[in-house]
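Q: Sharing a structure, written as structure tokens. Questions coming.
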Amino acid sequence: MASRNGSSTRGPRASCCRTSTLSSRHGPRSPPCAFPARHPRRRQHEPRRRLGAVSRDEYLRYGNEEVVLIPQLESAEAARNAREIAAVDGVDVLLVGAADLSTSEGLAESDPTVVELITGAVRAVHAVGKPIGNAGGASAAHVQASLETGFDFTLMSNDASLLGSAARAAVEAGRSVHRG
């Protein structure tokens with residue numbers, strides 16, 4: 001599930017996504033970060049439960065013990081407020097969206113202003129004691145650059161890019177075959 005969080009009058013723009021790839025260490029969520037089944041206004045978002053795929057007890061256990069909250073820092077304002085965002089009860093880990101962050105400033109990702117926003121966010125999140133990662137290319141060079149920046153993890157590409165690359169490779173392979 002992904003949603004946009006706020007405008008400039010409501011605080012830093014950050015995306016929120018819930019994922020089950022890591023276990024939560026922070027126990028039950030406070031209402032702003034509550035798993036949908038625990039949040040009274042979000043009970044309508046129980047598709048797995050409604051379909052009978054799991055028992056209600058298992059659904060609640062899964063949601064409260066295994067789902068993590070990962071805000072994505074996608075604006076300069078969010079990067080500048082990384083420490084405060086990381087300190088929110090229930091936030092498990094943060095992710096920098098460098099492309100969106102640089103776009104929000106009208107600058108290239110390699111611009112020194114953007115680089116400082118990113119490194120400042122990494123320092124601020126580490127000061128709170130939480131991990132921070134980024135998303136980017138599927139190459140050893142990208143992973144090395146991410147580690148040098150101080151990220152704790154990196155997402156090597158995304159589904160759209162990976163599927164697009166596979167589709168291009170399949171089309172190229174098909175076009176390379178000629179009747180004999």
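The values are calculated or read from the model by the stated rules, or taken from the named source; none is laboratory data. As the structure is a prediction and not an experimental result, all values here were calculated from the model. Methodologically, a virtual Cβ is constructed for each residue, glycine included, from the backbone with ideal geometry; neighbour enumeration extends over all protein chains shown.
Q: What residue, among those in the range 122-134 that are surrounded by fewer than 16 Cβ atoms within 10 Å (Cβ to Cβ) and part of a helix (DSSP H, G or I), is nearest to the chain's Cα centre (by Cα)?
A: ARG123
Rundown of residues vs (1) aromatic (Phe, Trp, Tyr); (2) within 26 Å of ASN64 (Cβ to Cβ); (3) without any contact (Cβ under 8 Å) to a residue 24 or more places away in the chain, yes/no style:
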residue: SER75; (1), (2), (3): no, no, no
residue: ALA79; (1), (2), (3): no, no, no
residue: GLY90; (1), (2), (3): no, yes, no
residue: ASP100; (1), (2), (3): no, no, no
residue: THR103; (1), (2), (3): no, no, yes
residue: LEU107; (1), (2), (3): no, no, yes
residue: ASP111; (1), (2), (3): no, no, yes
residue: VAL115; (1), (2), (3): no, no, yes
residue: ALA121; (1), (2), (3): no, no, no
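Q: Turning to a different aspect of this structure: Given the conditions (1) under 19 Å from the mean Cα position of the chain (by Cα); (2) modelled with pLDDT of 95 or more, report the number of the one that GLY106 does not fulfil.
A: (1)
Q: Assuming THR119 fulfils every condition listed in (1) within 23 Å of ALA145 (Cβ to Cβ); (2) β-branched (Val, Ile, Thr); (3) buried (at least 16 other Cβ atoms within 10 Å of the Cβ) apart from one, which condition is it?
A: (3)
Q: Is it true that GLU148 is acidic (Asp, Glu) and in contact with a Pro (Cβ under 6 Å, 6 or more places away or on another chain)? Show your work before the answer.
A: On the way: acidic (Asp, Glu): yes; in contact with a Pro (Cβ under 6 Å, 6 or more places away or on another chain): no.
For GLU148, the condition - acidic (Asp, Glu) and in contact with a Pro (Cβ under 6 Å, 6 or more places away or on another chain) - is not met.
Q: Here's something else I'd like to know. Filtering the range 135-176 down to residues that are of a type outside the set (Phe, Trp, Tyr), outside any helix (DSSP H, G or I) and at pLDDT 95 or above, which residue is nearest to the chain's Cα centre (by Cα)?
A: Across the range 135-176, the extreme among qualifying residues is ASP152.
Q: Ok, one more. Residues in the range 26-39: is at least one at pLDDT below 75, on the phi < 0 side of the Ramachandran plot and hydroxyl-bearing (Ser, Thr, Tyr)?
A: yes
Q: Could you say whether any residue in the range 75-91 is in contact with a His (Cβ under 7 Å, 6 or more places away or on another chain) and either small (Gly, Ala, Ser) or surrounded by 15 or more Cβ atoms within 10 Å (Cβ to Cβ) (or both)?
A: The answer is yes; a qualifying residue exists.
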